[in-house]
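Below is one structure, written out as structure tokens; the observations come after it.
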Amino acid sequence: MWDSLVHYLLLPLLPVAFIAFIIHQIRHIFANRRVPKSVAFFHPYCNAGGGGERVLWAAVRSVRAEHPDLTCYIYSGDTNATKESILWKAHTFFGIELDGKKLEVVFLKSRRVVEPQLYPVLTLLLQTLAGGVLAFEALWKLTPEIMVDSMGYPMSTFVFKLFGATKTGAYIHYPTISTDMIDVVARRQAAFNNANTSTVFSNLKLVYYYLFAAFYRFLGLFVDVIMVNGTWTKGHITSIWHRQDVELVFPPVNTDKLRAWENNAEELFNDEINIVSVGQIRPEKNHRLQIAALKQFLDGLDRERYPQKIRLSITGGCRNQDDQDRVDALKKYAEELGVTKSVDWQLNVKSDELERLLQNSLINLHTMRNEHFGIAVVEGLASGSIMVAHNSGGPAMDIVVPEGEVGFLADTCEEYVARMNEILALDGEVRDNIRRKARVHVNKFSEAQFDDSWSAAFAKLV
């Protein structure tokens, strides 16, 4: 009987006990390496210059102001840069000036493992696991007291909490998987990340998504403080992670500077009508829809009533060769539609040129479905251009509300064209009234508001 008890009860526990012993030993090693009074931000692409990086540097600035005794560390995979050049870019792109005191960059050599193109199949799972590999390199190079994942690598908090016994926070821009993604597959709806809509493939992908969602929920257990960038993201994280302790921290936008600009669109109206689009050249931004809408808009326009020169300026970050290939494909599409002369490509522009484009624009297009927040939408409203954003995600839930008073929402190509025609038909004073209301409305997304919300959430980690 005793032999049976050992065989059926104790033997299966031996592997578990062995794993627990190994984890305990690893935790002991990292405990001896822990740097006192340190907070580290896990942001492998900290030099990218996008909205996520704006949040990172604003958070660093806030932590340094509220907790001057802490030293901030940034985990970065930008090994071709220096700390000085990274801080210079933060100042140039975002107007956030940080000196190098109590601020260090920890360079990670294995960032390539998280590149999505390495994983043509099972991308979500394999890229997530690769994030754990990169996080382990980060933990080995520096073990902090507090770690904040500010870019969206859920395995990073798992690694730091389990092996480093580190306090963990996460600022989530976009859930790795959402109920919207599952719903698209369940309905076999074509999308930029769901091209194959066959029944068999969709059923297999649905099972994969459900299993990954369960894994993602498990990883959420290793986050002490959860911050999200908007109502849409909060809803998905609350639902998938089964966590109610989710802090809403809107991203920081320099609304004071933007609201101080004079919008010149009405002065230019007799000669030109400028439409602008601001967003990185990524497939989910759906620039193709903007070009198609421009074509329909021009075809249906009463040229006797509106003889002005009409131009769409597409501006945003073009990060790599993949992005450039998308630009080339979009240019070809514009050529096929016969609107090449009406489209300007203003890529990787400096802040002063972006300021000029926004100041001179009457209409601002944003076409991403389920945009998690939409910093570019806030900037458009604050700058005085009249926004037409997608009727979903952050723009619909947090930013362009109430619709019609501060901006407009659309879904299909036809709806975008209708909104643009509606804006053109408005009296100039009515458009000015929309601008005034929008500029007051966006104050809730100011840098000062971010500092208050971030500080309240971060204080739970200190």
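The GluC sites (Glu not before Pro) of region 90-148 that meet both conditions, a loop assignment by DSSP and at most 14 other Cβ atoms within 10 Å of the site Cβ, are 97.
Taking region 235-335, which GluC sites (Glu not before Pro) meet the DSSP loop condition and have no more than 14 other C-beta atoms within 10 Å?
Details: sites: 247, 262, 266, 267, 272, 284, 304, 335; in loops: 262, 304.
Hits after loop and neighbour filter: 262, 304.
On region 200-333, 51 percent of the accessible area sits on carbon and sulfur atoms, based on a 1.4 Å probe. Which of the listed residues, 276, 174, 406, is farthest toward the dipole's positive end in the chain, when Lys, Arg count +1 and Asp, Glu count -1 at the beta-carbon? In the chain, that residue is 174.
Relative intensity of region 331-398 on a log10 scale, I(q)/I(0) at q = 0.15 Å⁻¹, equals -0.60, per a Debye sum over C-alpha point scatterers of equal strength in the absence of solvent.
Rounded to two decimals, what is the ratio between the C-alpha radius of gyration of region 127-265 and 2.2 N^0.38 Å? Before the final figure, lay out each step's value.
On the way: Rg = 18.2 Å, N = 139, 2.2 N^0.38 = 14.3 Å.
Scaled against compact globular proteins, the figure is 1.27.
Which percent of the accessible heavy-atom area of region 13-64 goes to carbon and sulfur, probe 1.4 angstrom? Show your work: numbers first, answer last.
Details: 1680 of 2390 Å².
Here carbon and sulfur together make up 70 percent of the probe-accessible area.
Diffusion of region 295-422 by Stokes-Einstein, at 20 °C in a medium of 1.002 mPa s and with Rh set to the Kirkwood radius over alpha-carbon pairs, works out to 137 µm²/s. The residues of the chain present an accessible area of 46 Å² per residue when probed at 1.4 Å with all protein chains retained. If you take the Cα centroid of region 42-57 and the Cα centroid of region 231-289, the two points sit 16 Å apart. Straight-line reach from residue 101: taking Cα to Cα under 30 Å and skipping same-chain neighbours fewer than 8 places apart, the lysines in range are 37, 83, 89, 109, 141, 161, 167, 257, 350, 460.
Straight Cα distances below 15 angstrom link residue 234 to the aspartates and glutamates 180, 245, 247, 371, 398, with same-chain residues fewer than 8 positions distant left out.
Which shape class applies to region 291-366: rounded if a/c is under 1.5, otherwise prolate when a/b exceeds b/c and oblate if not, where a ≥ b ≥ c are the square roots of the Cα gyration tensor eigenvalues?
Working: a/c = 2.89, a/b = 1.30, b/c = 2.22.
Taking the square roots of the gyration eigenvalues as a ≥ b ≥ c, region 291-366 is oblate.
Using bins of 10 Å that start at zero, the share of Cα-Cα pairs per bin across region 119-172 amounts to 27, 54, 17, 2, in whole %.
Note on the chain: Rg/Rh from C-alpha atoms, Kirkwood Rh, equals 1.02. Select from region 61-109 those trypsin sites (Lys or Arg not before Pro) which occupy a DSSP coil region and have at most 12 other Cβ atoms within 10 Å, ordered by residue number. Passing both the DSSP loop test and the Cβ count: 101, 109.
The values are calculated or read from the model by the stated rules, or taken from the named source; none is laboratory data. Keep in mind that this is a model prediction, so the values were computed, not measured. A quick note on method: Cβ atoms are made from the backbone with ideal geometry, for glycine too, and the neighbour counts reach across all protein chains shown. Keep in mind that these areas ignore ligands, DNA and RNA; they rest on the heavy atoms of the full protein, side chains included. Shrake-Rupley method; radii C 1.70, N 1.55, O 1.52, S 1.80 Å.
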